[in-house]
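The values are calculated or read from the model by the stated rules, or taken from the named source; none is laboratory data. It should be emphasised that the depicted structure is a prediction, and the values quoted were computed from it without experimental measurement. Here Cβ is always computed from backbone atoms with ideal geometry, including for glycine, and neighbour counts include all displayed protein chains.
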């Protein structure tokens, strides 16, 4: 279990052009030079370009082949890179709708990735707060948010982390409608009846049940948010 926990790293952030793909490539290169088996996954399905950064102009296979069941195993779309010990699963942006795979398709991808023979799997995420980017981010046990010292980048990074938190909380409380409603009030931008802090959300959940407050605390610890 610990090996699986340490295996996945997600590189995300709300804004495009801040260096997520460069960070993914640098991390993968560093690990591969230490003799680790690394697989980079270009999870920016709507604007993939990680293959270009690795010197691959026209990838023969992409993640779309697996999503569309043109191949049976995800290992069939892995390609070699010029860097020893580092392989790549390319994203795809040439198929309409590929940027928004269904939940069942994402689950199939996650289950397949877990079975790959690699010491580290690095997920290079797309910009924005789409369910696809957020779900890939939440799937990985190890998470890095990339930003630059610009107001827009900081705002987008904050928005990305916030979206990930509320997505995770919605899943955690899906069996408890009252809790989901509180999370909705916390995530809404409307000032009226808005829960504007984690402490207020914690207090509101505690009023429903102590276990719900503990669930929130566990999620905050998981995402390292305070």
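Restricting attention to the stretch 171-219, the residues that are in contact with a helix residue (DSSP H, G or I) (Cβ under 9 Å, 6 or more places away or on another chain) and in a loop (DSSP other than H, G, I, E, B) add up to 9.
Counting only helices (runs of 4 or more DSSP H) that sit completely within the stretch 1-70, those holding 2 or more residues that are in contact (Cβ under 8 Å) with a residue 60 or more places away in the chain and under 15 Å from residue 137 (Cβ atoms) correspond to 20-33. Each residue in the stretch 1-46 was checked for being surrounded by fewer than 20 Cβ atoms within 10 Å (Cβ to Cβ), farther than 16 Å from residue 160 by Cβ and modelled with pLDDT under 90, and 6 of them qualify. For the residues 123, 88, 116, the requirement of being surrounded by 21 or more Cβ atoms within 10 Å (Cβ to Cβ) and more than 14 Å from the chain's Cα centre (by Cα) singles out 88.
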